[in-house]
Structures are given as structure tokens and as C-alpha cells.
Amino acid sequence: MADTAPADTIARRGFMLVLSSPSGAGKSTLTRALLKPGSGLELSISVTTRARRHSEIEDVHYRFIDQKRFDRMRDAGELLEWAEVHGNCYATPREPVEAALAAGRDVLFDIDWQGTRQLAEKMADDLARVFILPPSMAELRARLDRRAEDPPEVIARRLAAARDEIAHWDEYDYVLVNDDLQRSLEAVQAIIAAERLKRARQPGLPAFVDGLLSEP
């Protein structure tokens, strides 16, 4: 009997997995859980014009650049998405993402609906969008309160922003209610498994199938 290649050796194009949610819905916790060693996911590292904080590491938290370089990258079309927040610019460089996808690696994005919309405009075929909802607004408030990180006025602003963010849920491919962290993690992992098996993401399939059909 002729040997055939195991399925995981078939050439595959990576994809971009976006997680979006209002603050407090669990996106950051899910992101950390998904990025454990062996997951096959890597986190997209943004560039920013903001000054580096003492606790931050270059090429781990951000890539820190000056405004002139940011402007050159933006004007040259080298950014997949960008935004200005509180006078500082943040963006996703195109080149490292495209290199990762071409090499069959999957890239995880922790961005909001505005950044997701920009990604969809540029690379829709490579994108899988997941929106995470809280089980209720009362529970979302309780989670923000339990953090004990922000004063009441900041929490009020976060809740107002959450309503705006939630209003864009229907721009996403998958939507889940995070009422149980483990169940939500398993749901996102199932999404990842399904996205990796899409025919369009496996350019090596035709050659593999031709090999199967050529066997005696």
C-alpha cells in the first residue's frame, strides 16, 4: 500500500482570528488562554506612537515608533488598521501578518469593531471574527466592579462604551455569550478548528487529492 501524507502536513494558509468585546466581557482572559504553548496561534503585535511604559517590552507588548515613521507607514499603505486614541496612534503592520499567513500560521487580534472593520475591508477572505457578549449588563457592571481598578465615573464610561461596542455585534461571523469561561474557551477553540479546515485555507489539498486518486 502506498504511503499518504498525514492531514496536518497539507500546505495551509493561516487566518486572522479577531476577538472583540466590551470591556469586562472576558476577551483578555480568553486571549491569554488561547495563546498557551502549542496552540498554533500568535498574537498580532501593534505599533504605537505612545511612549513605552517601564513594565512594557519592545516586540512583546507593542512596537514603539515615532509619529513620523507612523505617518510614513500609513501613507504607504503598510497598515492593515489604525486608530488614534487619546492623542496616540495604534496600528497593525501589514507585512508581518501577511508573512505569518503565507507560512501557515494563525494570528490572533484583540481589537475593537472599528479595527475589525478595517481588516475586513482589506483581507476579508483571511478573517474570522468572533464577538463576545456578557450574559447581562448587570453582570458586566459586576465584573467591572470586582476588578476594583477604576473609580465609579470610569466604570460608568466603560458601560456607556460597552453599549456602543455591543451595537456592532452583527458585523461578526461568530457571536458567543460568555456566561462560563471554560465553555466559551471551548467554543472559540472549535471555531479555530473549523476555520483551519476550510477548503479555501488549504492550498495543498488539490495536490494531496491528486495523489490519492493516482494510487492504484
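Values in this text are rule-based calculations from the coordinates and carry no lab data. For clarity, every value in this text was computed on a predicted model and none was experimentally measured. No Cβ is skipped: glycine too gets one built from the backbone with ideal geometry, and neighbour counts run over all protein chains shown.
For the pair residue 61 and residue 161, the difference between a 0.36 nm per residue extended length and the Cα-Cα distance amounts to 33.6 nm. Each other residue within a Cβ distance under 9 Å of residue 196 adds +1 if Lys or Arg and -1 if Asp or Glu, for a net charge of +1. Peptides 73-81, 30-38, 90-98 ranked from most to least packed by the mean count of surrounding Cβ atoms within 10 Å: 90-98, 73-81, 30-38.
A protection proxy built from the mean count of other Cβ atoms within 10 Å ranks the segments 100-110, 164-174, 58-68, most packed first, as 100-110, 164-174, 58-68.
Each Cα pair under 8 Å and six or more residues apart adds its sequence gap; the mean of these over the residue count of the chain is a relative contact order of 34 percent. The calculated FRET efficiency for residue 69 paired with residue 183, based on their beta-carbon distance and R0 = 35 Å, is about 0.20.
May I ask you to list the residues of the range 90-105 whose amide nitrogen lies under 14 Å from a point 7 Å from Cα along the Cα→beta-carbon direction of residue 9? Counting only backbone N, you get no residues.
With 0.36 nm allotted per residue and the present C-alpha distance subtracted, the residue 76-residue 153 stretch has 23.7 nm of extension available. Taking the Cα centre of the chain as origin and assigning +1 to Lys and Arg Cβ atoms and -1 to Asp and Glu Cβ atoms, the resulting dipole is close to 400 debye. Length gained on full extension, residue 52 to residue 83: 9.4 nm, using 0.36 nm per residue less the C-alpha separation. Ranked by the mean number of other Cβ atoms within 10 Å of their residues, highest first, the peptides 180-192, 116-128 come out as 116-128, 180-192.
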